[in-house]
Amino acid sequence: MSLSKTKGLTVVIVVYWVLLSYMVAALIWWFIALERQNTSITQIRLAELTKDDPAYIEKVAVIEDAKKRKTAQYIGEGVTFLALILVGAVFVFRATRRQLRLSQQQQNFMMAVTHELKTPIAITRLNLETLQKRKLEEEKQQKLISNTLQEANRLNILCNNILLAAQLDAGAYASNKEEINFSDLVEGCIDDFITRFPKREVRELITEGLYIQGETLLLQMLVNNLLENAMKYSPKESPIQISLHAEKNELILSISDQGVGIPDEEKKKVFDKFYRVGNENTRTTKGTGLGLYLCSRIVKSHNGYISVTDNQPQGSNFVVTLQQA
């Protein structure tokens, strides 16, 4: 966060607490003033009584009782107003803090997107200029073309993620579910992943013939995002494990890596929009904070659920549970 924004946030916080303190102090002063008035009125009414009056004691009791009722009324009203003020203050504080956090996450997202867009564009441009200006051997040409296609595919995935997130948030995505072979879909995603990243080791254990009511495009994006997430947050030499099997009427998809893992306090947050795990290892890794958010939304749209646990001996294990067709 920039210095100017930090100063602005500090000013807002200071003003907020000053206003809240003033409101509480005004409420307390209101109670003290009313109680003093109540006491003065009671004393005046008592002074007007005649001690020789046979009903003197009863009248004193009535006046004292009225004073106590007024005091109880002031206390009740004061406590009610104080509770409302505090509840409103907590609500405003949380809403403001949430908005500031979202604003910061959106700023980080824009910076990440800018970087994610510039990198494949720069690489693609450099490769094409090299092919245009130099006559390379066939093997080198194919290597540059393959690298360019990978960057173009990376750019396409990023654009699809941004577009889908916008459509889902706006409720504008038209779902078209059908019965699909989920086993074949997962196998296809794995084959495509191996083609794009031939140096990464993928260990798969897929049960054949498992069907689901779903949308092919969304489920492909789900599996691809989980595979890419495992790849980004684990060492290049470590394997990625993916399994798919059925338990009763549910399909269990599990994708595990041997990376840095996710702290327990951040396991639920990783599915929030724009969120990225707040340590140096992951902050230096490419990403926009949309991948796991989209995974969560896609799974939810298919009436399933997704969770993350620790992998052994290290890393993370993402588990998706879906209803079998």
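The values are calculated or read from the model by the stated rules, or taken from the named source; none is laboratory data. Keep in mind it's a predicted model, so treat the numbers as computed, not measured. Glycine gets a Cβ as well: all are built from the backbone with ideal geometry, and neighbour counts include every protein chain shown. Remember, those area values only see protein heavy atoms, side chains included, never the ligands or the DNA or RNA. Shrake-Rupley method; radii C 1.70, N 1.55, O 1.52, S 1.80 Å.
Beta carbons closer than 6 Å, at least 6 apart along the sequence or on distinct chains, pair a first residue in the range 295-322 that is within 21 Å of I157 (Cα to Cα) and open to solvent by 10 Å² or more (accessible area, probe 1.4 Å) with a second that is in a helix (DSSP H, G or I) and among the aromatic types (F, W, Y) for S296/F271.
Any idea which of S146, S243 is on the phi < 0 side of the Ramachandran plot, out of contact with any Gly (no Cβ under 9 Å at 6 or more places or on another chain), polar (S, T, N, Q) and in a helix (DSSP H, G or I)? Spell out how you get there, then give the answer.
On the way: S243 fails: in a helix (DSSP H, G or I).
Of S146, S243, the one residue that is on the phi < 0 side of the Ramachandran plot, out of contact with any Gly (no Cβ under 9 Å at 6 or more places or on another chain), polar (S, T, N, Q) and in a helix (DSSP H, G or I) is S146.
Residues in the range 123-158 that are closer than 30 Å to D272 by Cα and open to solvent by 40 Å² or more (accessible area, probe 1.4 Å) were compared, and the one that is modelled with the lowest pLDDT is R154. Restricting T284, T288 to residues that are within 17 Å of K232 (Cα to Cα), open to solvent by 70 Å² or more (accessible area, probe 1.4 Å), at pLDDT below 85 and β-branched (V, I, T) narrows the list to T284.
How many residues are open to solvent by less than 20 Å² (accessible area, probe 1.4 Å) and closer than 22 Å to M221 by Cβ when one looks only at the range 232-251? Full working, then the answer.
If we filter the range 232-251 for residues that are open to solvent by less than 20 Å² (accessible area, probe 1.4 Å), which is where we start, we get 234, 238-240, 242, 244, 251.
Adding the requirement that they be closer than 22 Å to M221 by Cβ leaves 234, 240, 242, 244, 251.
Total satisfying the criteria: 5.
Considering (1) in a helix (DSSP H, G or I); (2) surrounded by 14 or more Cβ atoms within 10 Å (Cβ to Cβ), the lone condition that A166 does not fulfil carries the number (2).
L226 - would you say it is at pLDDT below 90 and farther than 22 Å from N249 by Cα? Don't jump to the end; show me each part of the working.
Values: at pLDDT below 90: no; farther than 22 Å from N249 by Cα: yes.
So L226 fails the test.
Screening E178, E201 for residues that are touching a Pro at 6+ places or on another chain (Cβ under 8 Å), touching a residue at least 12 places away in the same chain (Cβ under 8 Å) and loosely packed, with under 14 Cβ neighbours inside 10 Å leaves exactly one candidate, E201.
Listed here are the residues, each with its yes/no results for (1) touching a residue at least 24 places away in the same chain (Cβ under 8 Å); (2) small (G, A, S).
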site	(1), (2)
L20	yes, no
A25	no, yes
W29	no, no
A33	no, yes
T50	no, no
V60	no, no
R69	no, no
L82	yes, no
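Considering the conditions (1) of a type in the set (V, I, T); (2) more than 23 Å from L158 (Cα to Cα); (3) in contact with a Leu (Cβ under 7 Å, 6 or more places away or on another chain), V260 is excluded by exactly one of them, (3). For the range 192-221, the tally of residues that are in a helix (DSSP H, G or I), at pLDDT 90 or above and more than 23 Å from K177 (Cα to Cα) stands at 0.
Against the condition modelled with pLDDT of 85 or more and in contact with a Leu (Cβ under 6 Å, 6 or more places away or on another chain), how does S243 come out, does it pass? It is true that S243 is modelled with pLDDT of 85 or more and in contact with a Leu (Cβ under 6 Å, 6 or more places away or on another chain).
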